[in-house]
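So the structure is just underneath, and the comments pick up after that.
The values are calculated or read from the model by the stated rules, or taken from the named source; none is laboratory data. Here the structure is a predicted model, which is why all the values come from computation and not from measurement. Here Cβ is always computed from backbone atoms with ideal geometry, including for glycine, and neighbour counts include all displayed protein chains. With ligands, DNA and RNA removed, areas are computed over all heavy atoms of the protein, side chains included. Shrake-Rupley method; radii C 1.70, N 1.55, O 1.52, S 1.80 Å.
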Amino acid sequence: MKITEHLEAAKEKTLFSFEILPPLKGYNINSIYENIDPLMEFDPPFIDVTYHREEYVYSEKENGLLEKKIVRKRPGTVGICAAIQSKYGVDAVPHILCGGFSKEDTENFLIDLDFLGIKNVMALRGDAVKSETYFKPEKNGNCFAKDLVYQIYDLNSGKYLDEVIEKGHNTDFCVGVAGYPEKHMEAPSIDKDIQRLKEKIEAGAEYVVTQMFFENNRYFEFIEKCRESGIDVPIIPGLKPIATKKQLSVIPHRFHVDMPDCLIREVEKCKDNAAVRQVGIEWCIQQSKELIAGGVPVLHYYSMGKSTNIQKIATAVF
Ligand SMILES: Cc1cc2nc3c(=O)[nH]c(=O)nc-3n(C[C@H](O)[C@H](O)[C@H](O)COP(=O)(O)OP(=O)(O)OC[C@H]3O[C@@H](n4cnc5c(N)ncnc54)[C@H](O)[C@@H]3O)c2cc1C
């Protein structure tokens with residue numbers, strides 16, 4: 001089923017879903033199942049699987065020169081999605097990026113998804129590769145998520161890149177896009193970022209999943225602004241429970257989100273990471289309950305490959 005159909009079927013009830021990332025290359029899929037199994041009792045209608053593009057790794061050769069290698073540390077997004085759909089009978093949502101994909105690569109990726117019976121995709125631009133400051137699209141690739149959404153909806157109407165195909169098979173993807181309650185780091189203002197989000201909806205995207213946030217007001221204010229600007233699709237909040245002290249600096253740096261002072265104080269008081277995990281779980285339970293009371297359609301958890309804390313939160317909330 002499409003995400004939009006799941007939401008319609010749920011009516012007023014808030015659904016539970018989560019995101020996983022493929023294991024590092026060299027591990028098998030059992031680590032994924034071990035994380036999904038304990039969460040199945042909460043009936044997730046869909047599970048997102050992130051996409052990880054290639055990275056450049058430089059190593060010094062004997063002659064002192066640097067050798068550039070291109071590596072993908074976490075391949076397997078499509079395979080994991082197919083495995084999830086077949087093992088659990090739950091819709092898997094692969095993330096697809098502009099970065100690292102030419103439009104032709106994108107089309108071929110989407111054809112694979114269509115043949116596998118995957119109905120939903122999350123369309124993202126992706127970040128700059130680690131060694132570069134700014135995002136650079138692939139030659140003949142999509143520049144922004146909006147362009148990727150247009151390409152997916154072209155395929156949904158049977159329009160392929162190859163003009164020889166006059167009337168191709170219509171795919172039927174439901175497309176989600178990212179939203180940023182605290183604005184995307186490159187956007188000059190929140191209003192401009194929301195205008196860009198609206199362009200993704202006008203291109204055809206049918207729902208939004210937000211970046212993590214730690215203060216619900218950020219989400220509620222974002223919703224208000226989105227609605228004022230005419231965005232009327234479901235906006236699913238993304239939540240991440242804090243699990244280590246180090247995340248106090250890593251998360252703001254990597255995801256460009258603020259943390260409230262009272263959460264920082266609670267984490268700083270902790271003697272070890274087991275205590276931090278407990279603070280993170282309690283904070284996330286509070287956030288979740290307030291968001292449910294606020295009528296959100298789904299609570300979408302960033303599991304980062306660790307389900308124990310998500311299981312504890314879901315037990316308290318659902
Ligand atoms: C829910 C979620 C899931 C994610 N999953 C992944 C994943 O699996 N893999 C991964 O690598 N990354 C993932 N990301 C990270 C994401 O790829 C980055 O945040 C990326 O920097 C932006 O992607 P986007 O799709 O929001 O880009 P876009 O919507 O294209 O926006 C990027 C920036 O460009 C601006 N912009 C948009 N259109 C224009 C225009 N026409 N002219 C000028 N500026 C414009 C926007 O305001 C924004 O600042 C995820 C993020 C979220 C929130």
Check: Which of the residues that make up the range 16-25 are outside any loop (DSSP other than H, G, I, E, B) and open to solvent by less than 20 Å² (accessible area, probe 1.4 Å)?
Finding: Phe16, Ser17, Phe18, Ile20
Notebook entry, point to check: In the list Ile96, Ile47, Ile84, Ile70, which residue meets the criterion of being out of contact with any Cys (no Cβ under 6 Å at 6 or more places or on another chain), hydrophobic (A, V, I, L, M, F, W, C) and open to solvent by 40 Å² or more (accessible area, probe 1.4 Å)?
Noted result: Ile70
Check: Do you know which residues across the range 209-240 are among the aliphatic types (A, V, I, L, M) and touching a helix residue (DSSP H, G or I) at 6+ places or on another chain (Cβ under 7 Å)?
Finding: Met212, Ile231, Val233, Ile235, Leu239
Check: Does the range 48-68 contain at least one residue that is at pLDDT 95 or above, assigned to a strand (DSSP E or B) and of a type outside the set (Ser, Thr, Tyr)?
Finding: yes
Next item on the list: Identify the residue in the range 120-145 that is small (Gly, Ala, Ser) and within 11 Å of the ligand (Cβ to nearest atom) and, among all such residues, is surrounded by the fewest Cβ atoms within 10 Å (Cβ to Cβ).
Entry: Ala128
Checklist line | Subset of the range 195-214 (residues that are touching a strand residue (DSSP E or B) at 6+ places or on another chain (Cβ under 8 Å) and within 10 Å of the ligand (Cβ to nearest atom)) | finding: Leu197, Lys200, Ala205, Val208, Val209, Thr210, Gln211, Met212
Item checked: Residue under evaluation Pro252, criteria (1) over 19 Å from Gln278 (Cα atoms); (2) in contact (Cβ under 8 Å) with a residue 24 or more places away in the chain, criterion not met -> (2)
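Restricting the search to the range 26-44, which residues are closer than 19 Å to Ala316 by Cα, assigned to a loop (DSSP other than H, G, I, E, B) and away from the ligand (no atom under 16 Å from the Cβ)?
Residue satisfying the conditions is Asp43 alone.
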Next item on the list: Kindly check whether there is at least one residue in the range 154-172 that is within 10 Å of the ligand (Cβ to nearest atom) and among the aliphatic types (A, V, I, L, M).
Entry: no
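Given Gly100, Gly117, which one is within 16 Å of the ligand (Cβ to nearest atom), at positive phi, in a loop (DSSP other than H, G, I, E, B) and out of contact with any Phe, Trp or Tyr (no Cβ under 6 Å at 6 or more places or on another chain)? I'd like the intermediate steps shown before the answer.
Details: Gly117 fails: within 16 Å of the ligand (Cβ to nearest atom).
Sole residue among the options that is within 16 Å of the ligand (Cβ to nearest atom), at positive phi, in a loop (DSSP other than H, G, I, E, B) and out of contact with any Phe, Trp or Tyr (no Cβ under 6 Å at 6 or more places or on another chain): Gly100.
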Next item on the list: For the range 138-149, state whether one or more residues are more than 30 Å from Asn35 (Cβ to Cβ) and not in a loop (DSSP other than H, G, I, E, B).
Entry: yes
Item checked: All positions within the range 9-29 that are within 19 Å of Ile292 (Cβ to Cβ) and either in contact with a Gly (Cβ under 6 Å, 6 or more places away or on another chain) or β-branched (Val, Ile, Thr) (or both) -> Thr14
